[in-house]
Amino acid sequence: MYKYDHYDQALVDARVAEFRDQINRRIAGEITEDQFKPLRLMNGLYLQLHAYMLRVAIPYGTLDSRQMRMLAHIARKYDRDYGHFTTRQNIQYNWIKLEECADILEELATVEMHAIQTSGNCIRNISSDQYAGAAADEVTDPRPWAELLRQWSTFHPEFSYLPRKFKIAVIASPEDRAAMRLHDIGLELIRQDGVLGARVFVGGGMGRTPMIAPEINPFVKADDLLSYLEACLRVYNRYGRRDNIYKARIKILIHEIGADEYRRQVAEEFAHVKTLGIDPPLAELERITAFFAAPAYDAVDVETDRSDPDFAVWLDQNVKPHKQAGYAIVNISLKPIGGIPGDATSAQIDVMADLAERYSFDELRVTHAQNIVLPYVAKRDLYAVWQGLRDAELADANLDLISDIIACPGLDYCSLANARSIPVAQKIATRFADMDRQRDLGELKLKISGCINACGHHHAGHIGILGVDKKGVENYQLTFGGSGAEDVSIGKIIGPGFDEDGVVDAVEKATEVYKALRQGDERFIDTYRRVGLEPFKEAIYG
Amino acid sequence: MVEFRYRSDEVTEQPSVTLDAFLDQSNATAVRLEPDDDARALLPFLDRLTLIEVAFPKYRDGRGYSAARILRESGYRGELRAQGDVLVDQIAFMRRCGFDSFAPEASLNPEAVARALSTYDHVYQKAADTAVPVWKLRHG
Ligand code: HEM
Ligand code: SF4
């Protein structure tokens, strides 16, 4: 894992002091809420329905047990004993007091964490593959690159007042576990003739106008990457729309001028920017890469004893192959049946930290599906890890199944919401609580947003649910056919919306159609893509 | 009114003209760029300009940051002024993009400005100022 040097630490410490001063000025009434707003937003502090919400950055979703324990500590001391892991691999606290915010950030800084650029119209926390460093299919570990980008984008003087927020994802595998092409910039690291570089996709996003990012450059060499990104951002900063907040994301610019014209402008800007010497030397990437060296693997490959049936189910569903023989990747589901997707109590966060320290070379990851990963678990320890999780009610074996739902906070917390997301997620999970039934349905990604902003990724759900406001009544639209993986696609609305119970029934009917029509080992989305919407529509509305 | 100036030369007395007026064969030496204007239109004339004023009608509109960098990257050495909705918490970023004078619409507290400019000892990225990025400090 990356470790701060004194430069990194000094920057974060200075930020805490600066924000403390700003908060004090606000509390003393020296600045108005209007003047304070942009300042707090640069520090991840939102004003929500009931309280302040603080979003803490977890760079590329990677953290160690010390940091994880700090997250538990913050939840315990400053919030209501729980935190919410988000689709951008961060954590949010929902009940924060303004007067305590600087103390929280100061505590976070002691474990190399911060809330810098977790909101505002700037480059946000860089997201990445939760299996980075452990995935068998990766070309290289994407995290050093993500760290390089984190540093480059932190307090970037030119790009802190962009037309709109800007999200970047970096992956290094053909399998996309990070919804890479639904980001403003998606980077896929590849090797071409032995040289490392990146495929660059620009202009993806969700929100009210979902778009899949087109490829803007098939290969940018490692030592040109920052210059190239700087050119991408500069073109956007100069020409992105600022007249309408809903048309301000880079996807709209690229949609309006076309990918070819955008590519041409970026190439022109790049030719200029490349002369400025803004790319760090490869030695800097090497310095960072050294922090991400493979752990000291020492376990031999063993057969896992599957005699405990509950353990065996979890093994099949939540444990994934590792690139190192004798090791496995463990997914911890934060989606207990009837629970709030992505929430974890302080005690649970501590348990995960302990297990990581003891069994996963002290590392954890947060996934964009709002789950946690222990990336380096020796197979011989799997049963012990499972027991530890089970005792903390963290052993739900539902990874990628219908109850592994992504849901945004919705009307229970969010001031922009049209409808509640959490109760719908709870009802669906409860309806499908039977494990055999879920497993029979197989991979089925269900995602719920409480409004068109799409924080719950509904566009990318095999089944998506969108809360809308229909004459003051909460109403839910269903979309089918979305995907945030390498088979990326945007879901389509299937017809008129439903009330809360109606949408649960409709989902159930859809799964029945799938079961009747599936061939071989087709997933729900494969069947839907093959047979089209009609049979589903007929069953749901007929 | 210019409240903060980080240059030692004399203040230009000539009022600045619009980009259109300037390109219309004016022999003006001071020009004002609106957010919509293309800073690159000035590149052939940088030698004869002593003041480029960049307008910030709203602090949220960050186009002027790119305009400033483009001008500095192209060798402009005259005064580069940020005018308009310029807030104390933006001055450090603006300095890094090459601005060296500030005419904020709402007057700023000099102490607060000094504090904002000295908050951070180091920077992560190379920009249009002389600050040395930490990657360079790390690798000499
Ligand atoms: C509760 C406070 C929140 C507020 C006020 C909020 C606000 C917004 C808004 C306005 C957008 C649309 C931006 C645009 O299209 O330009 C958005 C998008 C998004 N938000 Fe949130 N959000 C909140 C919480 C969350 C949470 C908890 C998550 C993660 C679970 C999240 C993840 C996202 C993602 C992934 C997007 C889509 C990005 C895209 O359009 O490409 N947000 N949010
Ligand atoms: S999708 Fe809408 S309701 Fe849900 S968190 Fe985002 S802004 Fe709030």
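The values are calculated or read from the model by the stated rules, or taken from the named source; none is laboratory data. Note that the structure is a prediction, hence the values are computed from the model and not measured. Using ideal geometry, Cβ is built from the backbone for each residue, glycine included, and neighbour counts are taken over all protein chains shown. Note: accessible area is taken over every heavy atom of the protein model, side chains too, but ligands, DNA and RNA are not part of it. Shrake-Rupley method; radii C 1.70, N 1.55, O 1.52, S 1.80 Å.
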Cβ-Cβ FRET estimate between A:E106 and A:A271, R0 fixed at 41 Å, reported to 0.05:
0.40
Mind listing the long-range amide H neighbours of A:I216? Cut-off is under 5 Å, sequence gap 5 or more, other chains count too, H placed in the peptide plane at 1.01 Å from N.
A:V200, A:F201, A:V202
Please give the average number of partner chain Cβ atoms lying within 10 Å of the Cβ of each residue in A:144-155, rounded to a whole number.
2
The ³J(HN,Hα) series, computed from each phi in region B:66-73 with the Karplus coefficients 6.51, -1.76 and 1.60 at θ = phi - 60°, rounded to the nearest Hz and given as x for glycine or proline, is 6, 4, 4, 5, 4, 5, 5, 5
Could you size up the charge dipole of the protein assembly as shown around its Cα centre, putting +1 on the beta carbon of Lys and Arg and -1 on that of Asp and Glu, and report it in debye to the nearest 20?
900
Which residues' amide hydrogens lie under 5 Å from the amide hydrogen of A:K445, considering only partners 5 or more residues apart or on another chain, with H built in the peptide plane?
A:H462, A:I463
Lys/Arg +1, Asp/Glu -1 at C-beta; the protein assembly as shown dipole; positive extreme among A:V351, A:P38, A:T367
A:P38
Of the beta bridges DSSP finds with both residues in chain B, what % are antiparallel, to the nearest 5?
10
Hey, what's region A:6-109 come to in accessible area per residue, 1.4 Å probe, Å²?
37
Of the residues B:D37, B:D89, B:D121, which exhibits the maximal mean-square fluctuation in a Gaussian network model of chain B defined by a 10 Å Cα contact cut-off?
B:D121
Count the net charge of all other residues whose Cβ sits under 12 Å from the Cβ of A:K323, scoring Lys and Arg as +1 and Asp and Glu as -1.
-2
Once you average over the residues of B:65-74, how many Cβ atoms of partner chains fall within 10 Å of each Cβ?
4
Expected integer from the mean partner chain Cβ neighbour count at 10 Å over A:503-515 is 0
How big is the A-B contact in terms of buried accessible area, both chains counted, 1.4 Å probe, rounded to the nearest 100 Å²?
3500
Pop out the carbon and sulfur fraction of the accessible area of the protein assembly as shown as a percent, whole number, probe 1.4 Å.
50
Give the residue list of GluC sites (Glu not before Pro) in region A:27-104 that are DSSP loop and have at most 16 other beta-carbon atoms within 10 angstrom.
A:E30
Please state the charge dipole magnitude for region A:407-541, taken about the Cα centre, from unit charges on C-beta atoms (+1 on K and R, -1 on D and E), reported in debye and rounded to the nearest 20.
200
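Do any GluC sites (Glu not before Pro) in region B:55-140 lie in a loop, going by DSSP, with at most 16 other beta-carbon atoms within 10 Å of their beta carbon, and if so which?
On the way: sites: B:E73, B:E79, B:E105, B:E111; in loops: B:E105.
Answer by residue number: B:E105.
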Might you list the cysteines of chain A that have no disulfide-compatible partner by the rule of another cysteine's Cβ under 4.7 Å?
A:C101, A:C122, A:C232, A:C414, A:C451
With a sphere of radius 10 Å drawn around the Cβ of A:N43, what net charge do the other residues whose Cβ falls strictly inside it have (Lys, Arg +1; Asp, Glu -1)?
+2
Could you state the number of Å between the C-alpha centres of region A:150-177 and region B:61-81?
23
Neighbour-limited loop hits for trypsin sites (Lys or Arg not before Pro), region A:1-99 (at most 16 other Cβ within 10 Å; DSSP other than H, G, I, E, B):
A:K3, A:R80, A:K97
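Could you size up the charge dipole of chain B around its Cα centre, putting +1 on the beta carbon of Lys and Arg and -1 on that of Asp and Glu, and report it in debye to the nearest 20?
Once rounded to the nearest 20, the dipole reads 740 debye.
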Distance from the Cα centre of region A:278-296 to that of region A:512-540, in angstrom?
47
Along the positive direction of the dipole of region A:407-541 (beta-carbon charges: Lys, Arg +1; Asp, Glu -1; about the Cα centre), which of A:A407, A:F432, A:A417 reaches farthest?
A:A417
Provide the net charge surrounding A:R66, with neighbours chosen by a C-beta distance below 10 Å and charges set as Lys +1, Arg +1, Asp -1, Glu -1.
-3
Through the Karplus equation 6.51 cos²θ - 1.76 cosθ + 1.60, θ set to phi - 60°, convert the phi angles of region A:400-405 into ³J(HN,Hα) values in whole Hz; use x for Gly and Pro.
6, 8, 4, 8, 7, 8
Take the alpha carbon atoms of region A:298-331, find their center, do the same for region A:437-502, and report the distance between the two centers in whole angstrom.
32
Options A:I74, A:G240, A:A290, ranked by Cα towards positive dipole end of chain A, top entry (Cβ charges):
A:G240
Per residue of region A:174-179, what does 6.51 cos²θ - 1.76 cosθ + 1.60 with θ = phi - 60° give for ³J(HN,Hα)? Whole Hz please, x for Gly and Pro, Karplus curve as stated.
x, 7, 9, 9, 10, 6
For A:I126, distant residues with modelled amide H under 5 Å away
A:Y60
